[in-house]
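Let me begin by presenting the structure, written as structure tokens, before commenting on it.
The values are calculated or read from the model by the stated rules, or taken from the named source; none is laboratory data. Quick caveat: nothing in here was measured; it's all calculated off a predicted structure. Here the Cβ positions follow ideal geometry from the backbone for every residue, glycine too, while neighbour counts run over all protein chains shown. Surface areas here come from the heavy atoms of the whole protein model, side chains and all, with no ligands, DNA or RNA. Shrake-Rupley method; radii C 1.70, N 1.55, O 1.52, S 1.80 Å.
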Amino acid sequence: MLNSTRTETVEYWPDEQTVRSIDAILRDEWLLDLHPDIARISAKYPETEDVVSRYDEVHERAVRKAGPNGKVDEREMFRLLAHPGLFAFAAAARRHIVLDGIAFAIGVLRHFAFNGAVLDAGCHIGVSTSILGRLATNKIVGLDPVGPAIDRAKKLSVGLPNVEFIRGMLPWKSPMQFDLVFCQDVLHHIPQTSHPNIIASLGGLLNEGGVLLLSADDVIDPAWINLTAAALRDARLGYARADVLGGFGGNPPEFKASTAVLLRKGDTAPIPSDLASISAREWDLHFKDFANTTDRPAREKTQAFERSSRRTRRQVEKA
């Protein structure tokens, strides 16, 4: 079994300069801000307002068709979201969680000194994939089943020689092996009955000692843990650490977080049944005070900014 000694949470996160770089790229290049800036988005993508109207119509039609207890068919919505203007408008509500997920992934890469390939499973138009490609020297592969999204991702990531996009659906098999598999905001779009096969697939893609960074609300559900326990065991994926992503954001803005769990290939520890309380501990012990500081800019009230700030303080104290 690999050494699973518990490490201080902040050690898995990058430095403050890296977090600010991610935030700047999201804001200035992808137009993902705390609030969607319609004027900026429309100036760069003039047809955005028309696409937003189409998206609203498609969404309303899908909800009506599904009924009060049915599953909404999201396929057409994801095809429309391949338009970068619409994506910037819609994804602003999750900017804080997107930011933190990318930061956490980079921190994990650096913490374990991984130099192998990285898979961004469920990359859509490649926001996370391209930023990882800019801030890391690893080969970064983006995977998504939506053809228009993959086509757009390739166009938007021209000039990044270490980035590749592949159209494919989870579970996915490939001869490629990865040191890190990053899977954020994907599982809740897929029926839970498929999750064991997806876990098996992602585990099979990892090198020995590699890490699956899985961010999904499902992972705090004891029923989900029971459902996937055998798949995790067979894939030799053991629990290494849990944390939270997010903070202040949304439309309208509020405090909200998503659980992230690190599973390491070759470890055997099961996911704890009280994962919800474990993942919330950092929020309660550190983040609340950080976010309630009166001079803290609203856009910086996220886990990544708090962790990087605390990491800087620790380094100064040790110096």
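Structure notes:
- Of all the listed residues (223, 230), the sole one being of a type outside the set (Phe, Trp, Tyr) and touching a Pro at 6+ places or on another chain (Cβ under 9 Å) is 230.
- Only residues that are buried (at least 20 other Cβ atoms within 10 Å of the Cβ), more than 16 Å from the chain's Cα centre (by Cα) and either free of Cβ contacts under 8 Å to residues at least 24 places away in the same chain or not in a helix (DSSP H, G or I) (or both) were counted across segment 193-215, and they come to 3.
- Scope segment 292-319; condition under 23 Å from the mean Cα position of the chain (by Cα) and either outside any helix (DSSP H, G or I) or over 25 Å from residue 182 (Cβ atoms) (or both); matching residues: 297, 298, 301, 302
- If you go through segment 71-118 and pick out every residue that is of a type in the set (Val, Ile, Thr), under 22 Å from residue 300 (Cα atoms) and in contact with a helix residue (DSSP H, G or I) (Cβ under 8 Å, 6 or more places away or on another chain), you end up with 4.
- Matching entry among 185, 218, 144, 179 (being touching an Asp or Glu at 6+ places or on another chain (Cβ under 9 Å) and either closer than 20 Å to residue 260 by Cα or surrounded by 21 or more Cβ atoms within 10 Å (Cβ to Cβ) (or both)): 144
- Any hit, segment 263-274, residues being open to solvent by 10 Å² or more (accessible area, probe 1.4 Å) and under 23 Å from residue 27 (Cα atoms): no
- Filter pass, residue 255 being open to solvent by 10 Å² or more (accessible area, probe 1.4 Å) and part of a helix (DSSP H, G or I): no
- Test: residue in segment 224-245 that is open to solvent by 10 Å² or more (accessible area, probe 1.4 Å), out of contact with any Asp or Glu (no Cβ under 9 Å at 6 or more places or on another chain) and within 18 Å of residue 100 (Cα to Cα): yes
- Qualifying residue in segment 298-309 (condition: more than 19 Å from residue 96 (Cα to Cα) and of a type in the set (S, T, N, Q)): no
- Counted residues, segment 121-141 - those being surrounded by 16 or more Cβ atoms within 10 Å (Cβ to Cβ) and either within 21 Å of residue 19 (Cβ to Cβ) or out of contact with any helix residue (DSSP H, G or I) (no Cβ under 9 Å at 6 or more places or on another chain) (or both): 14
- Residue count, segment 233-267 (criterion: among the small types (Gly, Ala, Ser) and touching a Pro at 6+ places or on another chain (Cβ under 7 Å)): 0
- Subset of segment 269-319 [closer than 30 Å to residue 233 by Cα, at pLDDT 90 or above and of a type in the set (Gly, Ala, Ser)]: 269
- Cβ separations smaller than 7 Å between residues 6+ apart or across chains give the following pairs from segment 57-79 residues that are under 22 Å from residue 126 (Cα atoms) to residues that are in a loop (DSSP other than H, G, I, E, B) and among the β-branched types (Val, Ile, Thr): 78/146; 79/146.
- Segment 147-173, subset part of a helix (DSSP H, G or I) and either out of contact with any strand residue (DSSP E or B) (no Cβ under 9 Å at 6 or more places or on another chain) or under 17 Å from residue 101 (Cβ atoms) (or both), residue least open to solvent (accessible area, probe 1.4 Å): 153
- Residues of segment 229-241 satisfying the condition of being assigned to a helix (DSSP H, G or I) and touching a residue at least 40 places away in the same chain (Cβ under 8 Å): 229
- Residue in segment 3-25 that is modelled with the lowest pLDDT, counting only those that are open to solvent by less than 20 Å² (accessible area, probe 1.4 Å) and assigned to a helix (DSSP H, G or I): 9
- Matching helices (runs of 4 or more DSSP H) fully within segment 26-85 where at least 1 residues are among the aliphatic types (A, V, I, L, M) and open to solvent by 40 Å² or more (accessible area, probe 1.4 Å): 38-44, 48-66
- Pairs, first under 16 Å from residue 155 (Cβ atoms) in segment 117-133, second of a type in the set (Lys, Arg), C-beta under 8 Å, six or more apart: 125/152; 126/152; 126/154
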